[in-house]
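Derivation of every value follows stated rules applied to the coordinates shown; laboratory data play no part. Computed from a predicted structure; not experimentally measured.
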Amino acid sequence: MASSTYTVTGMTCGHCVASVQKEIGRIDGVTGVEVDLASGQVQVESADPVDQAAVAAAVDEAGYQLAS
């Protein structure tokens, strides 16, 4: 089991959170996604470590960006 934390910028509401959760949840191997709207923190649980580029692409697809 692997766990990674990312910061996503631009989220302002529950719909934003749902979009990010949905897109990251589509990545192969991801077993859970927890998003904290107030801080922008996204906790990703997976069977194996997930490539950050895949997470960045999923967040981009949802309309947001990973903080650098």
- Query: Can you list the HN-Hα couplings for the stretch 57-65, worked out from phi with the Karplus curve (6.51, -1.76, 1.60; θ = phi - 60°), rounded to whole Hz and with x for Gly and Pro?
  - Reply: 5, 5, 5, 4, 4, 6, x, 10, 9
- Query: Per Stokes-Einstein, at 4 °C and 1.567 mPa s, what whole-number D in µm² s⁻¹ belongs to the chain, with the Kirkwood radius over Cα pairs as the hydrodynamic radius?
  - Reply: 113 µm²/s
- Counting pairs of alpha carbon atoms under 8 Å apart in space and at least six apart in sequence, what relative contact order in percent does the chain give? 45 percent
- Query: In degrees between 0 and 90, to the nearest 10, how far off the longest principal axis of the chain does helix 14-25 point, with axes built from Cα atoms?
  - Reply: 20 degrees
